[in-house]
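What follows is a short report on a single structure.
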Amino acid sequence: MKKYRVTIELNAFEIVVSANNKVEAKRKAIEKLQRKRITSLIRKSWPDNKKEVYVDEE
(Lines give C-alpha, C1' and ligand atoms only; values in the text may rest on other atoms or scores of the structure.)
Protein backbone atom coordinates (compact mmCIF):
# COMPACT_ATOMS: atom_id res chain seq x y z
CA MET A 1 0.00 0.00 0.00
CA LYS A 2 1.37 3.42 -0.98
CA LYS A 3 1.18 6.65 0.99
CA TYR A 4 -0.28 9.77 -0.54
CA ARG A 5 -0.29 13.36 0.63
CA VAL A 6 -3.57 15.10 -0.22
CA THR A 7 -3.73 18.90 -0.07
CA ILE A 8 -7.16 20.53 -0.11
CA GLU A 9 -7.00 24.30 -0.46
CA LEU A 10 -9.79 26.16 1.27
CA ASN A 11 -10.44 29.88 1.35
CA ALA A 12 -9.47 31.85 4.43
CA PHE A 13 -12.21 32.04 7.01
CA GLU A 14 -12.78 35.04 9.22
CA ILE A 15 -14.24 34.35 12.63
CA VAL A 16 -15.15 37.10 15.07
CA VAL A 17 -14.83 36.28 18.78
CA SER A 18 -14.79 38.26 22.01
CA ALA A 19 -11.72 37.63 24.16
CA ASN A 20 -9.37 39.24 26.66
CA ASN A 21 -6.17 38.56 24.70
CA LYS A 22 -4.79 37.07 21.46
CA VAL A 23 -4.23 33.59 22.92
CA GLU A 24 -7.82 33.35 24.13
CA ALA A 25 -9.10 34.74 20.81
CA LYS A 26 -7.17 32.11 18.85
CA ARG A 27 -8.45 29.30 21.09
CA LYS A 28 -12.05 30.48 20.79
CA ALA A 29 -11.78 30.85 17.00
CA ILE A 30 -10.41 27.31 16.63
CA GLU A 31 -13.18 25.92 18.85
CA LYS A 32 -15.79 27.79 16.82
CA LEU A 33 -14.31 26.46 13.56
CA GLN A 34 -14.31 22.89 14.86
CA ARG A 35 -18.07 23.08 15.46
CA LYS A 36 -18.68 23.70 11.74
CA ARG A 37 -19.12 20.75 9.41
CA ILE A 38 -16.15 20.34 7.05
CA THR A 39 -18.43 19.50 4.10
CA SER A 40 -20.21 22.84 4.42
CA LEU A 41 -16.86 24.65 4.63
CA ILE A 42 -15.70 22.92 1.44
CA ARG A 43 -18.96 23.77 -0.33
CA LYS A 44 -18.57 27.45 0.64
CA SER A 45 -14.93 27.47 -0.50
CA TRP A 46 -15.72 26.10 -3.94
CA PRO A 47 -18.90 27.82 -5.12
CA ASP A 48 -17.85 27.53 -8.76
CA ASN A 49 -17.01 23.79 -8.45
CA LYS A 50 -13.33 24.39 -9.23
CA LYS A 51 -11.96 22.14 -6.53
CA GLU A 52 -8.34 22.65 -5.48
CA VAL A 53 -7.28 19.13 -4.51
CA TYR A 54 -3.74 17.93 -5.06
CA VAL A 55 -2.49 14.36 -4.55
CA ASP A 56 1.23 13.60 -4.35
CA GLU A 57 2.69 10.13 -4.08
CA GLU A 58 5.26 9.73 -1.30
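Would you list which aspartates and glutamates come within 18 Å of LYS44, measuring only between C-alpha atoms, while excluding same-chain residues fewer than 8 positions from it?
GLU9, GLU14, GLU52
Please list, or write none, the aspartates and glutamates whose alpha carbon is within less than 19 Å of the alpha carbon of LYS2, excluding same-chain residues fewer than 8 places away.
ASP56, GLU57, GLU58
Accessible area per residue of the chain at 1.4 Å probe, in Å²?
Per residue, the chain has an accessible area of 96 Å².
How far, in degrees from 0 to 90, does helix 22-34 lean away from the longest principal axis of the Cα atoms of the chain, to the nearest 10?
Roughly 50 degrees, rounded to the nearest 10.
How much solvent-accessible surface does TYR4 expose, in Å² to the nearest 10, with a 1.4 Å probe and all protein chains in place?
120 Å²
On a 1.4 Å probe surface of the protein chains, which of GLU57, GLU52, GLU14 comes out largest in accessible area, and what is the full order? Write out the running numbers ahead of the final one.
On the way: GLU57 110, GLU52 65, GLU14 180 Å².
Reading off the accessible areas and sorting them downward yields GLU14, GLU57, GLU52.
Hey, what number do you get for the chain at 222 nm if only DSSP H runs of n ≥ 4 count, each worth -39500 (n - 2.57), divided across all residues, to the nearest 500?
-11000 deg cm²/dmol
Using a 1.4 angstrom probe on the protein heavy atoms only, line up LEU41, LEU10 by accessible area, largest first.
LEU10, LEU41
The values are calculated or read from the model by the stated rules, or taken from the named source; none is laboratory data. Everything quoted here is computed from the prediction, not taken from an experiment. In case anyone asks, the SASA skips ligands and DNA or RNA and just uses the protein heavy atoms, side chains included. Shrake-Rupley method; radii C 1.70, N 1.55, O 1.52, S 1.80 Å.
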